Structures are given as C-alpha cells and as structure tokens.
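This report concerns only the one structure given below.
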Amino acid sequence: CSVWNEFIVNEIWQSRRCRNQLKKRLHRNWLNLEFKKSEQSFSEIYNQSGIKILNGHLLLHPQVYTSTSSDHKFACYKLKTGQKIQERSLEGFIERIDLGSSFIVFGFSNVDDQINTSDDTSESVDILQVYSIPDLNLLAKITLPAEQNKELYCVKNDLIVFLRAYRQSLDSCQFVLFDPVNKERKDFIVKLSFTDVLGIQFDGRYVLVKTIGKDDKITVFDVITTQCITKGLPASEFTLNEVFRYPLSLSIEDHCYLTVFNIKTLARYKHFIHRSKKPNTEIGLLNQMFISDSGFLILSRYEKFKRTDHSNCCSQMELFNLEDLKYGIFQPVTLDIR
C-alpha cells in the first residue's frame, strides 16, 4: 500500500543508518540462504536454450538470432516441481522475445517466397507469434507491415503497442494497442512524422517516442487519454542501454555514466558508475539494467582486481530507488554476487 511504501522510503531508504543495516541484513541473508535444489534433464534440443520465469512457470526457448526448425522446442514447466506442462515447435529466425503479463511474444524474420520485387528478389516479412502461458496456445499471429521494424513495437503488462505509418498523411502516425488475451484493439492518430522515428518505449501507460534530427528528440504520449504529454525534448546521445518509466528516462552514456532525465521537471542528472571503495580494484560495467515492478532501477556490473587474475571477479547489482532518482539522489544498495 502507499502508506507502507512511504514508510520504507522515508524511514529506511533515506536513513544512512537504516540503509546500512538493511545492506548488512541482505548480505547475511544471501550468505545464509536456504534453497531447495531441483534438477531436470533435457534432451539435446534444449542445449543453448534461453530461460525466462513468469508467474511460477519456467520457460525454455531458443535463443534470439537463431534459426529454428520443427526440431526446436519451446517448453513450459512448473517452477516448483519441474513438471512439463506443454511444449511447441517453433520455425523461423528469431530476432526478439518479449514477455507480457500472461503471454510471450516471439518476433520472427522470415522470407516470403510469394512476395517478389521488380528485380525478382525476395522481401523480408516480419511476423509476431503470441503464445499464452502456461498452456502455450497460439493467441495471435501478426504480420507486420513492410515499413514497420521491430524497434517500433513494445510489450508491457497486457498490451502490445505498435507505432505505424498513417497512410493518409506523411506527417502523422498511428498507435495500435492490442490485447492478445481478450482480442481487444484500440488505435489513435498522432501528429508525428513516421520517417523520423528511431524507436519507442512503453511503461504500461506512457509511450516514449525517440525521433531523429540535428539533435535527437523525445515525445511522450498517454495511451489511455491518447494525449501528447510533452514533445520535442532533447534525448540522450551515444547511449548503451535505455529504460523508461514515466517521468524518468534512464540511460547509460559513454560506458560509465548513469543518466537520469526527469521529463516532468526537465532536470537531468549524471552518476559516475565506475566506483569501488576497495583498494586495488576497478569496476567494469555489464551494461544491463531494468526497472522492477516495485519501483527500483537494478543495474548490473562486475568488480575485478587490477593487473591480476580475473578469475576472482565479483558480480554486483546496484539498486536505485526511482523516487530518489527523480531528484538526482544516487544512494544505491550494492549486492555482491559470487
């Protein structure tokens, strides 16, 4: 509840003494962690499989950027017991995999032999296949328009959001919101040149659109009210990774800076990531970060010893409170993972 969240933020997160106690307890719990180990044997078709966990289920799937055939399986297991619930065959070249609240989306690039250009070459056709979890029923098979690439759709919660060209006007785009479980669709038109769009990000309600120009810009839309929240704000450049949850746009710049842009206040903050309080060590960045449902930015990195064997490395996770980041407060909790 909001009261409990406010208590945690004010009484624990903003108190140095309480934060240190929490950090020590997390370390102690991690070292003394009790867990139940279960082992499952898989046939050769699961070698090099990707793994995802959703709603108490373990999903094994082919890795992205691999060509699959009928021999490649996608399977769902009960996480606690390891019991197989269902499996399906996948065929095609997988470029992208996304999770919704109760479904998984595979983005394929196929070659459609039925489509030929004037010079008798084949045209690439992108296809999305949506499967329910845990029964792996095919909820939808969507062929993307030729002008739409895989940077222009996002999956979050119950929705798949597409940004498409609006054929009646070169200065407009069309947002399409699709709920694959309930088969519901909604669309609306926005004033935006499709040819300028670089990519989109979606946090469940707000869509951030990045456009190209002399200086890259960002525009934010509310998919519930279909209104433009803000337009033409300067975007971060030379970023390695970007995540978005309104009002924050977060990115890693120049391999070493965590950059926070508050879209509401227009404030921009930077935090140097390569820090270590231990002597003779340096920090290397893994360039991975994501936002948890509970409101924390989780950033992964590693710690290594200078000019020595790197076998004694330590992976780390840094947790930033999004409420703190709104005001440029960088007080992460760091967890060592051996």
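I'm trying to understand the selection: among the residues of the stretch 38-61, which are open to solvent by less than 60 Å² (accessible area, probe 1.4 Å), modelled with pLDDT under 85 and in a loop (DSSP other than H, G, I, E, B)?
Filtering the stretch 38-61 for residues open to solvent by less than 60 Å² (accessible area, probe 1.4 Å) gives 46, 49-50, 52, 54, 56-61.
Of the ones still in play, those that are also modelled with pLDDT under 85 are 46, 49-50.
Matches in the stretch 38-61: S49 only.
Take A165 and decide whether it is in contact with an Asp or Glu (Cβ under 8 Å, 6 or more places away or on another chain) and closer than 30 Å to R301 by Cβ. For A165, the condition - in contact with an Asp or Glu (Cβ under 8 Å, 6 or more places away or on another chain) and closer than 30 Å to R301 by Cβ - is not met. Inside the stretch 168-191, residues that are open to solvent by less than 20 Å² (accessible area, probe 1.4 Å) and part of a loop (DSSP other than H, G, I, E, B) make up a count of 1. Of all residues assigned to the stretch 259-282, none qualifies as being farther than 26 Å from V9 by Cα, buried (at least 18 other Cβ atoms within 10 Å of the Cβ) and modelled with pLDDT under 90.
Taking the options A75, A140, name whichever one is open to solvent by less than 20 Å² (accessible area, probe 1.4 Å), touching an Asp or Glu at 6+ places or on another chain (Cβ under 6 Å) and either closer than 30 Å to Y206 by Cα or modelled with pLDDT of 75 or more (or both).
Details: A140 fails: touching an Asp or Glu at 6+ places or on another chain (Cβ under 6 Å).
Residue meeting the stated conditions: A75.
Scan the stretch 233-246 and tell me whether some residue there is surrounded by fewer than 17 Cβ atoms within 10 Å (Cβ to Cβ), modelled with pLDDT under 95 and charged (D, E, K, R). Looking through the stretch 233-246, at least one residue is surrounded by fewer than 17 Cβ atoms within 10 Å (Cβ to Cβ), modelled with pLDDT under 95 and charged (D, E, K, R). Once the stretch 192-220 is narrowed to residues that are aromatic (F, W, Y) and under 16 Å from L248 (Cβ atoms), the residue that is surrounded by the most Cβ atoms within 10 Å (Cβ to Cβ) is F202. Just for the stretch 62-72: of the residues that are within 22 Å of L144 (Cα to Cα) and either open to solvent by 40 Å² or more (accessible area, probe 1.4 Å) or small (G, A, S) (or both), which one is nearest to the chain's Cα centre (by Cα)? Once the filter is applied, the top-ranked residue is V64. Aliphatic (A, V, I, L, M), loosely packed, with under 14 Cβ neighbours inside 10 Å and modelled with pLDDT under 90 - does that describe any residue in the stretch 119-126? Among the residues of the stretch 119-126, not one is aliphatic (A, V, I, L, M), loosely packed, with under 14 Cβ neighbours inside 10 Å and modelled with pLDDT under 90, which makes the answer no. Can you tell me which residue in the stretch 291-308 is farthest from L26 (Cα to Cα), limited to those that are at pLDDT 70 or above and out of contact with any strand residue (DSSP E or B) (no Cβ under 9 Å at 6 or more places or on another chain)? Result: D293. If you go through the stretch 78-94 and keep only what is open to solvent by less than 60 Å² (accessible area, probe 1.4 Å) and of a type in the set (S, T, Y), you end up with just S89.
Taking each residue of the stretch 309-325 that is of a type in the set (D, E, K, R) and modelled with pLDDT of 75 or more and looking for partners that are open to solvent by 40 Å² or more (accessible area, probe 1.4 Å) and assigned to a loop (DSSP other than H, G, I, E, B) with beta-carbon atoms closer than 9 Å, six or more apart or interchain, yields E323/I329; D324/Q14; D324/F330; D324/Q331.
The values are calculated or read from the model by the stated rules, or taken from the named source; none is laboratory data. Since we're looking at a predicted model, the values are computed, not measured. Glycine also receives a Cβ, built like all others from the backbone with ideal geometry; neighbour counts cover every protein chain displayed. Accessible surface is based on the protein model in full, side chains and every heavy atom, while ligands, DNA and RNA are left aside. Shrake-Rupley method; radii C 1.70, N 1.55, O 1.52, S 1.80 Å.
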